[in-house]
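These notes concern the structure reproduced below.
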Amino acid sequence: MGLQMVRYSHAGVFQGLRKGRVVEYYSYVNIFEQKGAAYILLLSFLVLAILFIRYLTVPEKKNPNAEKGGSPSAKKKSFIAD
Amino acid sequence: MPKAIASIPWKRDRKWLTPFNVISIVTLIAGLMILYVRFTQGLGSVTNLSQQFPWGFWIGFDVITGVALAGGAYVICFVVVIMRLEKYHSILRVTVLNGFLAYVFYSGALLLDLGRPWHIMNPLIGNSFGYNSVMFLVAWHFFVYTCALFIEFSPAIAEWAHFEKLRKFLAGLTLATVILGFTISMLHQSGLGALFLMAKPKIHPLWYSEYLPLLFFVSSIYAGLSMIIFEGTISHRIFNNLIGEKTHHAHDEIVLGLAKGAAVTMFVYYFFQAFILLHDGERWKLINGFWGFWYLLEIVGFVLIPCFMYAYGVRNRKFAVIKVAAILTVLGIILNRLNITLIAFNWYAADRYYPSWQEIVVTLMVVFIEVWVFRWFVTRMPVFSKD
C-alpha cells in the first residue's frame, strides 16, 4: 500500500509515511491477549481475598473467650472490636 | 533516687553481669573506637563504600530497613487513636517508644554515613538544597515525625516527673499529632521507595518498579506489626514484672489481632508483586536464573509462607506459629530492603560491595544502644500498662 511505519505514537495509534506525507492510523490491540493474565490474576485476587478473610475469621467455637460473651449484644460488640 | 525507680521490682532482682550486657558493652566499646577512626580518617578507612556503591550497610540496614520495621508505631496509633480499638491501648506507649527510638537511632545513623555530617541541617534550614528532591521530603518527614512521636510519648515522661498539668496538656495534643504522624509516615515510608526511582538502570528489573513507593508503604505496615509481635514477645518475657495482670492476659488476643492484620496486608502485598511481575511481560522472562530464584525466595519464602503461617496461627490459636511467622517476616523485610539497596543494586558490576566488619560492628552498636535506652525508659517510666 506504499505505507511505511515511522513511529509508534501511543496506545494503538501509529504514524506512517504515505507518498511522503505523515499519516496517522489506528490498529486494534487485543487487550485480552496482552493483559489476559493480569485480568485472571485480578479476578483470582478478588475471590481469594474473600476466602482468605473468611478463613481468618475464627468461628465462635474455636475462640474460648467468645463463649463467655453470653448475650447476642455482647457477641456483636466483640465482633466490632475485632 | 526517685520513688518510682525504687518501687520497680525489675531493678532490684536483676543481675548486672548478664550475657547481653557483656556482649553489648564490648560491641559498644569496639563501635566507638571504629567511629573515632571513621571521623578522623574518613569513611574509606572503615567501610567498603566506593563511587560505585556510595550507599552501604549503614544506609541499607540502619535507615531503610530500620524505618520500615518502625512502621508499627503509626499503625498502632492509627488503630487506637483514630479507629478507637481499645484492645490495643495497652501496647500504645511501648510501641510509640519503640518507634521513637528507632527513628532517633536508625535515621540518626545517617550521620555516620554522611561525608560532612554537619550538613545534615541543610534540608531543615533550606541551605543549598533541592526543594523538589525526594531526599528533601524524606529529611523533613523524618524530622517532623520524630518530633510527633516524641510528643505522643511525652505524657509518659510528664507522668513520671509528676507534672500532672503538663501531662494533661500533652495528652490533649495526641489526636492532632497522631493524624499528622500517620499522614507523614505514609508519605515518608513511600518516599524511601521513591528515592530508588531515580536508580532505575542500577537496580535489577525484578526489584525495580515504578510502584516501589507503594510497595515500601504496604510492606512497612506488616513489617511494623510483625516487629511488635517479635518485640512484644521478648518484652513480655524480660519485663514480666512491669506488666499488669490484665494486660498480661490480654496479650494473646492482641497478638492474634496483630497477626490477622499482618496476614491480610501480606496477602495484598503478595498480589501487588504478582501484578507487577505480570504487568510488564519482560520482567516475567527474568524469573529463570539466579536472580529469579533469589527473587522467588524473597517473595514466596518470606512473604507468602509467613502470610499463611499467620493465617494458620490465627485460625488455630497457635502462638508459636505466629511468632515464627513474625521472625520470618522481619527477616523478609530485611532481605527485601537489602536487595533493593545493596544486593540487587549494581547487580551487573564486576566488583561487588560487601560490608566490612567495622560496618557490621557499628550497626550492632546502634542496635544495642537502642535496646539500652529502651530498657532505661521502660524501667523508669510508666510505659507498660499497669492494669
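In sequence order, what are the phi-derived ³J(HN,Hα) couplings for the range B:252-260 according to the Karplus relation 6.51 cos²θ - 1.76 cosθ + 1.60 with θ = phi - 60°, rounded to whole Hz, with x for glycine and proline?
4, 5, 5, 4, 4, x, 5, 5, 5
Taking 8 Å as the Cα distance limit and 6 or more residues as the minimum spacing, I'd like the relative contact order of chain B as a percentage. Numbers along the way, then the final one.
Numbers: 477 pairs, mean separation 109.7, N = 387.
With pairs under 8 Å counted, the relative contact order is 28 percent.
Compute a Gaussian network model of chain B, connecting alpha carbons closer than 10 Å, and tell me which residue from B:Trp291, B:Trp207, B:Trp376 fluctuates the most.
Ranking B:Trp291, B:Trp207, B:Trp376 by mean-square fluctuation puts B:Trp376 first.
Do the alpha carbons of any pairs in B:Lys200/B:Lys260; B:Lys246/B:Lys318; B:Lys202/B:Lys285; B:Lys260/B:Lys323 sit beyond 23 Å of each other, and which pairs?
In this structure, B:Lys200/B:Lys260 exceed 23 Å between Cα atoms.
If you average the sequence gap of Cα pairs under 8 Å that are 6 or more apart and divide by the length of the range B:69-144, what percent do you get for the contact order?
22 percent
Would you tell me the mean number of C-beta atoms belonging to other protein chains that fall within 10 Å of each C-beta in A:51-58, as a whole number?
Across the residues of A:51-58, the mean count of other-chain Cβ atoms within 10 Å is 5.
What are the residues whose amide H is under 5 Å from the amide H of B:Ile203, where those residues sit 5 or more places off or on another chain and H is modelled from the backbone?
B:Asn346
May I ask you to sort B:Met381, B:Met227 by Cβ crowding, counting other Cβ atoms within 10 Å and putting the fewest first? Write down the numbers at each step before the final one.
On the way: B:Met381 19, B:Met227 26.
So the residues, fewest neighbours to most, are B:Met381, B:Met227.
Given the options B:His119, B:His251, B:His141, state which has the largest fluctuation in a GNM of chain B using a 10 Å cut-off (strictly under) for Cα springs.
Per the Cα network of chain B with a 10 Å cutoff, B:His119 tops the list.
Read-outs: derived from the displayed coordinates by stated rules, not from any lab. The model shown is predicted, which means the values in this text are computed figures rather than measured ones. Glycine also receives a Cβ, built like all others from the backbone with ideal geometry; neighbour counts cover every protein chain displayed.
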